[in-house]
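The values are calculated or read from the model by the stated rules, or taken from the named source; none is laboratory data. As the structure is a prediction and not an experimental result, all values here were calculated from the model. Here Cβ is always computed from backbone atoms with ideal geometry, including for glycine, and neighbour counts include all displayed protein chains. Note: areas computed on protein heavy atoms with side chains; ligands, DNA, RNA excluded. Shrake-Rupley method; radii C 1.70, N 1.55, O 1.52, S 1.80 Å.
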Amino acid sequence: MIDRYKKQRVRMVDSQIRSRNIKDERVLKAMGKVPRHLFVDEGLVDQAYNDNPLPIGERQTISQPYIVALMTEALDLREKDKVLEIGTGSGYQSAILAELAASVFSIERVATLAGRARRLLDYLGYYNVAIRVGDGTYGWREEAPFDAIIITAGAPKIPKLLVEQLTVGGRLVLPVGSRHSQTLLKLTRMSEDINDIREEDLGGCRFVDLIGDYGWED
Ligand code: SAH
């Protein structure tokens, strides 16, 4: 059983991720390790390693493996890094981050999803992930600053409060655009001045809505 999913994971990494030019070996290794099939509903286990997002309940989705890899690579994580994630969802992206950084702080607005992710991450031994229920558009002030911040829901604009919670040199990766389509952006904070930001365009994408005071209305 375990072996069967391992094979599917190796194939996923080669055919969907390496082939699309994701090069960071640490990212490839993490994607080859985390058991994605445990993060989807039982009825969808056989589709867990397919090249697409899948529903996780509450009208939310687990992102396509390639998008997880692309965003993770863009975060440039080092082993000592402290990471903030907005949109825990299934907890799959959190587990990938937990493989690559020292600590992960993840915020989810839907309590049932947060609870399920918490149980699964505990079961898998990802004790370096802290999860909180709430509106992630405010960030996590008590734990700031972060070396990297990832938003896994589509934002109408760049949430300023989150840029403020980046270290100098910190990276923020997020989808920004309309409710139907967004551009994946990587922002790097260049100095103490929060307007001193380098911006890179990583391409088009489509995420569920970031809902909150600095996101879309519910
Ligand atoms: N990273 C997740 C993707 C989940 S989809 C995974 O790997 O499965 C995006 C998630 O963002 C949803 O669970 C949604 O409820 C959550 N979300 C949307 N707006 C939010 C907000 N303001 N704060 C926290 N979570 C939010």
Exactly one of (1) closer than 22 Å to Val10 by Cα; (2) within 11 Å of the ligand (Cβ to nearest atom) is unmet by Gly134. Its number?
(1)
Among the residues that make up the range 150-157, is at least one of them within 16 Å of the ligand (Cβ to nearest atom), crowded, with 20+ Cβ neighbours inside 10 Å and part of a loop (DSSP other than H, G, I, E, B)?
yes
Consider the range 100-129. How many of its residues are part of a loop (DSSP other than H, G, I, E, B) and more than 22 Å from Leu28 (Cα to Cα)?
2
Please find, within the range 61-73, the residue that is farthest from Ala153 (Cα to Cα) out of those that are assigned to a helix (DSSP H, G or I) and open to solvent by 10 Å² or more (accessible area, probe 1.4 Å).
Glu73
Exactly one of (1) at pLDDT below 95; (2) over 28 Å from Gln60 (Cα atoms) is unmet by Ser191. Its number?
(1)
Subset tally (residues that are near the ligand (Cβ under 9 Å from one of its atoms), touching a residue at least 60 places away in the same chain (Cβ under 8 Å) and either closer than 13 Å to Lys157 by Cβ or not in a loop (DSSP other than H, G, I, E, B) (or both)) for the range 189-218:
7
Taking the range 23-33 only, how many residues are buried (at least 21 other Cβ atoms within 10 Å of the Cβ) and not small (Gly, Ala, Ser)?
2
Of the residues in the range 85-116, those that are closer than 19 Å to Ala69 by Cα, open to solvent by less than 20 Å² (accessible area, probe 1.4 Å) and free of Cβ contacts under 8 Å to residues at least 40 places away in the same chain come to Ser94, Ala98, Val104, Ser106
Would you check which residues across the range 164-208 are touching a Phe, Trp or Tyr at 6+ places or on another chain (Cβ under 8 Å), crowded, with 20+ Cβ neighbours inside 10 Å and not small (Gly, Ala, Ser) and list them?
Gln165, Leu166, Pro175, Gln182
Among the residues that make up the range 131-141, is at least one of them touching a residue at least 12 places away in the same chain (Cβ under 8 Å), assigned to a strand (DSSP E or B) and open to solvent by less than 20 Å² (accessible area, probe 1.4 Å)?
no
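Residue-wise test of (1) assigned to a helix (DSSP H, G or I); (2) farther than 28 Å from Ala155 by Cα; (3) in contact with a strand residue (DSSP E or B) (Cβ under 6 Å, 6 or more places away or on another chain).
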| site | (1), (2), (3) |
| --- | --- |
| Ile17 | yes, no, no |
| Asn52 | no, no, no |
| Leu84 | no, no, yes |
| Thr88 | no, no, yes |
| Ala98 | yes, no, yes |
